[in-house]
1. In this structure, does TYR107 turn out to be under 21 Å from GLY164 (Cα atoms), open to solvent by 60 Å² or more (accessible area, probe 1.4 Å) and in contact (Cβ under 8 Å) with a residue 60 or more places away in the chain?
2. Could you please find all residues in the range 23-58 being closer than 17 Å to ALA110 by Cα and either open to solvent by 70 Å² or more (accessible area, probe 1.4 Å) or basic (Lys, Arg) (or both)?
3. Under 9 Å between Cβ atoms, which residue pairs at least 6 apart in sequence (or on different chains) link something in the range 73-91 that is within 15 Å of VAL114 (Cα to Cα) and open to solvent by less than 60 Å² (accessible area, probe 1.4 Å) with a partner that is part of a helix (DSSP H, G or I) and acidic (Asp, Glu)?
4. Could you tell me which of the residues GLY112, GLY70, GLY100 is more than 30 Å from ALA189 (Cβ to Cβ), open to solvent by less than 30 Å² (accessible area, probe 1.4 Å) and among the small types (Gly, Ala, Ser)?
5. Suppose the filter is under 27 Å from VAL11 (Cα atoms) and open to solvent by less than 30 Å² (accessible area, probe 1.4 Å); does ALA117 pass it?
Amino acid sequence: MAADFLVRRKVRPNAISLAGMVAGLLAGAALWSTARYPETAIAAWLVAALLIQLRLVANMLDGMVAIGGGTASRLGELYNELPDRVSDAAVLVGLGYAAGGEATLGYLAALGAVSTAYVRAVGQAAGAGAAFGGPMAKQHRMQIVALGALYCTVARPFVATDLGLPAITLGLIVAGTILTVLLRLRRIAQALGRR
């Protein structure tokens, strides 16, 4: 329904991809601000969670609009991938600098996110098809961050400390992306071994 509306309005899928990236960048800034401006942290956690959802919706709609509007292109593939990597890094590094976060884990999680996409792209280029699965694919990472941000929004008035939830979240994402990379590599190797 939303994709049809956007197609009728002649919204370009690449513009949707860029809007999703802006939402991801703003979500990362909101997460970062929870440590820098603690007096507005409750609002920042909520804004981050909402912007992450907006980023995911844009990520879904860009492809639907491209296909529905007959505007899918090779350039569109670039617009589909690069904003996702920028958004992943912004959100995960932002969480690393958030109240209760750990910057090193934020950078490792961002590296893990890029690695899952890289392995998928290499497998696809080698002829194994796209391996999107895994326990910590993009949508899983972003939903975990959004849920953690919502928890921090609700718990903040009642809990004197953030309990390090952002750092724990990042640790789970790092572990999950390592497992995702390994599972994708195994699937790709199996697919290529059958050829």
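1. Details: under 21 Å from GLY164 (Cα atoms): yes; open to solvent by 60 Å² or more (accessible area, probe 1.4 Å): yes; in contact (Cβ under 8 Å) with a residue 60 or more places away in the chain: no.
For TYR107, the condition - under 21 Å from GLY164 (Cα atoms), open to solvent by 60 Å² or more (accessible area, probe 1.4 Å) and in contact (Cβ under 8 Å) with a residue 60 or more places away in the chain - is not met.
2. LEU25, LEU26, TRP32, ARG55
3. ASN80/ASP62; PRO83/ASP62
4. On the way: GLY112 fails: more than 30 Å from ALA189 (Cβ to Cβ); GLY70 fails: open to solvent by less than 30 Å² (accessible area, probe 1.4 Å).
Of the residues listed, the single one that is more than 30 Å from ALA189 (Cβ to Cβ), open to solvent by less than 30 Å² (accessible area, probe 1.4 Å) and among the small types (Gly, Ala, Ser) is GLY100.
5. Details: under 27 Å from VAL11 (Cα atoms): yes; open to solvent by less than 30 Å² (accessible area, probe 1.4 Å): yes.
Against the criterion (under 27 Å from VAL11 (Cα atoms) and open to solvent by less than 30 Å² (accessible area, probe 1.4 Å)), ALA117 qualifies.
The values are calculated or read from the model by the stated rules, or taken from the named source; none is laboratory data. Just so we're clear, the structure is a prediction, and the values are computed from it rather than from any experiment. Positions of Cβ are backbone-derived with ideal geometry, glycine not excepted, and every protein chain shown enters the neighbour counts. Surface accessibility is based on the protein's heavy atoms, side chains included, excluding ligands, DNA and RNA. Shrake-Rupley method; radii C 1.70, N 1.55, O 1.52, S 1.80 Å.
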